[in-house]
């Protein structure tokens, strides 16, 4: 059994905090811009299975649950999972210099997240036949 290679940052705590701050600032700027965030929608002009997840997540953050549900109902489960994973990884990186998920979370995240991602494909196909209001609008 081989030992798993790990990456541990040699940067100081203030440096790691600055990196996290810059990345969060860039994320906020990107999400608040009018740029097309989905490369699939930008190139083929048709919604992908995850189309609407970002907009649904932002609607959830604004407490506009009806809009979030109409954009992508999977956002109510996937978004908290992804936010939790990002939070755990960020805390681990800042604290230890190693962006790891706790083992208990990684096991559940892999199983639940993978199952939901697989379930998104038939949901996406069904939307083309009018299920759940039809395909999500691609701006």
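Just so you know, all these numbers are worked out from the coordinates, no wet-lab data involved. In this text the structure is predicted, and so the values were computed from the model without any measurement. Every residue, glycine as well, gets a Cβ built from its backbone with ideal geometry; the counts of neighbours run over all protein chains shown.
Between 0 and 90 degrees, rounded to the nearest ten: what's the tilt of helix 13-32 against the longest Cα principal axis of the chain?
That helix lies at roughly 10 degrees to the long axis.
In degrees between 0 and 90, to the nearest 10, how far off the longest principal axis of the chain does helix 103-127 point, with axes built from Cα atoms?
20
Sort 124, 69, 104 so that the residue with the fewest other Cβ atoms within 10 Å of its own Cβ comes first and the one with the most comes last.
Going from sparsest to densest Cβ surroundings: 104, 69, 124.
At 222 nm, what value in deg cm²/dmol follows for the chain if DSSP H runs of at least 4 each add -39500 (n - 2.57) and the sum is divided by all its residues, to the nearest 500?
-21000 deg cm²/dmol
At a threshold of 8 angstrom on Cα-Cα distance, excluding pairs fewer than six apart, so keeping six or more, what relative contact order does region 1-109 reach in percent?
Relative contact order of region 1-109: 26 percent.
Taking the chain as the reference, fit the longest principal axis to its C-alpha atoms, fit the long axis of helix 75-96 to the helix C-alpha atoms, and give the angle between the two in degrees, 0 to 90, nearest 10.
10
For 43, 54, what's the fewest-to-most ordering of other Cβ within 10 Å of each Cβ?
43, 54
Assuming 0.36 nm per residue, please report the length gained on full extension of the stretch residue 119 to residue 91 beyond their Cα-Cα distance.
7.1 nm
For 46, 132, 72, what's the fewest-to-most ordering of other Cβ within 10 Å of each Cβ?
46, 132, 72
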